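Notes to accompany the following structure.
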Amino acid sequence: MDSKDTIEKFEGSIIQHGKYNDRIYLIKLASEASSSTPLKLIQLAKHNNYSKIFAKVPEHQSDIFFAAGFEEEARIPGFYDGKTTAIFMALYLNVKRAEELEAGKMDEILKLALDKQDDNCRSDLNSDFTLRICQEDDAEVMANIYRKIFPSYPFPIYDSSYIVETMRSHVDYFGIEADGQLIAISSAEMDMQSSNAEMTDFATLPEWRGNGFGQFLLARMEQEMKIKNIKTTYTIARAMSIGMNVTFSKAGYQFGGRLKNNTNISGQIESMNVWHKKVIG
């Protein structure tokens, strides 16, 4: 079940790559990256027969990627320290990877979400439930929830040791309990150096869906991120998920673009919508 993709240094940058997502994901571009970096990524992709390269780069470093044939799929203003825009770029080495068979349905879901922009969110969680920050001894229960909800996932959240490891380094996990049992969880993956956080890993057990837990978790996560001086929050949500896209739109997030056939999640490669919000400044 775990992701087999590896994270490693590449020309001073950080990449994740492998057949699980059938792609290279440029997570963090080296500040001194040269014009050869995109070309070497293409060489690596061809060598491994990957069908997509997905790159997240500061706008002022995007020219070398455009010159190498990459295209913009999404952007987040203020991604780096609340000032510099991040551009999410793609290059397809297989034309079929760029074809979205359900593009019309995804457009409908996006329109539905945008129509609910800034709708009033319920702010008070029913007293039957408790919302709290998760601790290391929750990790096994959390991993079990993720196993139940996601047939596949781009990172190994099914592994309790991975959850503990990330909890100790750069991820805050949040949960909602009923009768002392976790029933919904989420995480905020923080990049303190760049003052941004990805609001992600939302999962609610099937029997508890429909209670709007996502919006309660998101509101609490934003509060915590402000305390930690995080300036920009964002998510990369499944384009086919009505619930998650509506949750972020309602909470005042702006749509930043769609990443075509980007991520192995819920059992298949899916397109993902980027949403972003400036929470400080």
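The values are calculated or read from the model by the stated rules, or taken from the named source; none is laboratory data. Keep in mind it's a predicted model, so treat the numbers as computed, not measured. Don't worry about glycine lacking a Cβ; one is built from the backbone with ideal geometry, like all the others, and counts go over all protein chains shown.
Could you tell me whether any residue of the stretch 183-193 is among the β-branched types (Val, Ile, Thr), in the same structural domain as Met244 (by TED's automatic domain parsing) and assigned to a strand (DSSP E or B)?
Yes: one or more hits.
From the list Ile53, Ile76, which one is in contact with a Phe, Trp or Tyr (Cβ under 8 Å, 6 or more places away or on another chain), over 30 Å from Gly214 (Cα atoms) and of a type in the set (Val, Ile, Thr)?
Details: Ile76 fails: over 30 Å from Gly214 (Cα atoms).
Criteria check complete, one pass: Ile53.
So, of the residues in the stretch 115-161 that are in a loop (DSSP other than H, G, I, E, B) and of a type in the set (Asp, Glu), which turns out to be surrounded by the fewest Cβ atoms within 10 Å (Cβ to Cβ)?
Filtering the stretch 115-161 down to residues in a loop (DSSP other than H, G, I, E, B) leaves 116-128, 134-135, 150-159.
Of the ones still in play, those that are also of a type in the set (Asp, Glu) are 118-119, 124, 128, 159.
On the way: Asp118: 10, Asp119: 12, Asp124: 6, Asp128: 9, Asp159: 17.
Only one residue fits best here, namely Asp124.
If you take the residues in the stretch 209-227 that are part of a loop (DSSP other than H, G, I, E, B) and not polar (S, T, N, Q), which one is surrounded by the most Cβ atoms within 10 Å (Cβ to Cβ)?
Among those residues, the one meeting the criterion is Gly212.
State whether the residues of the stretch 213-236 include one that is under 25 Å from His17 (Cβ atoms), of a type outside the set (A, V, I, L, M, F, W, C) and in contact with a strand residue (DSSP E or B) (Cβ under 9 Å, 6 or more places away or on another chain).
Scanning the stretch 213-236 turns up at least one residue that is under 25 Å from His17 (Cβ atoms), of a type outside the set (A, V, I, L, M, F, W, C) and in contact with a strand residue (DSSP E or B) (Cβ under 9 Å, 6 or more places away or on another chain).
Assess whether Leu93 counts as being surrounded by fewer than 20 Cβ atoms within 10 Å (Cβ to Cβ), among the hydrophobic types (A, V, I, L, M, F, W, C) and not assigned by TED's automatic domain parsing to the domain that holds Ser271.
In short, yes.
Looking at Lys19, Lys9, can you tell me which residue is more than 24 Å from Gly257 (Cα to Cα), among the charged types (D, E, K, R) and in contact with a helix residue (DSSP H, G or I) (Cβ under 9 Å, 6 or more places away or on another chain)?
Lys19
Which of the residues spanning the stretch 63-114 are closer than 21 Å to Phe248 by Cβ, over 19 Å from the mean Cα position of the chain (by Cα) and assigned to a loop (DSSP other than H, G, I, E, B)?
Within the stretch 63-114, Glu100, Glu102 meet the criteria.
Could we say that Gly252 is surrounded by fewer than 21 Cβ atoms within 10 Å (Cβ to Cβ), of a type outside the set (Lys, Arg) and farther than 25 Å from Lys4 by Cβ here?
yes
How many residues are surrounded by fewer than 20 Cβ atoms within 10 Å (Cβ to Cβ), farther than 21 Å from Asn264 by Cα and touching a residue at least 12 places away in the same chain (Cβ under 8 Å) when one looks only at the stretch 96-114?
Counting residues in the stretch 96-114 that are surrounded by fewer than 20 Cβ atoms within 10 Å (Cβ to Cβ), farther than 21 Å from Asn264 by Cα and touching a residue at least 12 places away in the same chain (Cβ under 8 Å) gives 2.
Of all residues in the stretch 228-265, which are outside any helix (DSSP H, G or I), within 28 Å of Trp208 (Cα to Cα), more than 14 Å from the chain's Cα centre (by Cα) and in contact (Cβ under 8 Å) with a residue 60 or more places away in the chain?
Listed by number, the residues that qualify are Met240, Ala251, Gly252.
Restricting to the stretch 195-227, and then to whatever is within 20 Å of the chain's Cα centre (by Cα) and among the small types (Gly, Ala, Ser), can you tell me which residue is modelled with the lowest pLDDT?
Only one residue tops the list, namely Gly212.
From the list Ile64, Ile53, pick out the single residue that is closer than 21 Å to Val274 by Cβ and β-branched (Val, Ile, Thr). Can you show your working first?
Values: Ile64 fails: closer than 21 Å to Val274 by Cβ.
Going through Ile64, Ile53 in turn, just one is closer than 21 Å to Val274 by Cβ and β-branched (Val, Ile, Thr): Ile53.
Which of (1) more than 27 Å from Tyr153 (Cβ to Cβ); (2) out of contact with any Lys or Arg (no Cβ under 6 Å at 6 or more places or on another chain); (3) not charged (D, E, K, R) does Ile42 not meet, given it meets every other one?
All conditions are met except number (1).
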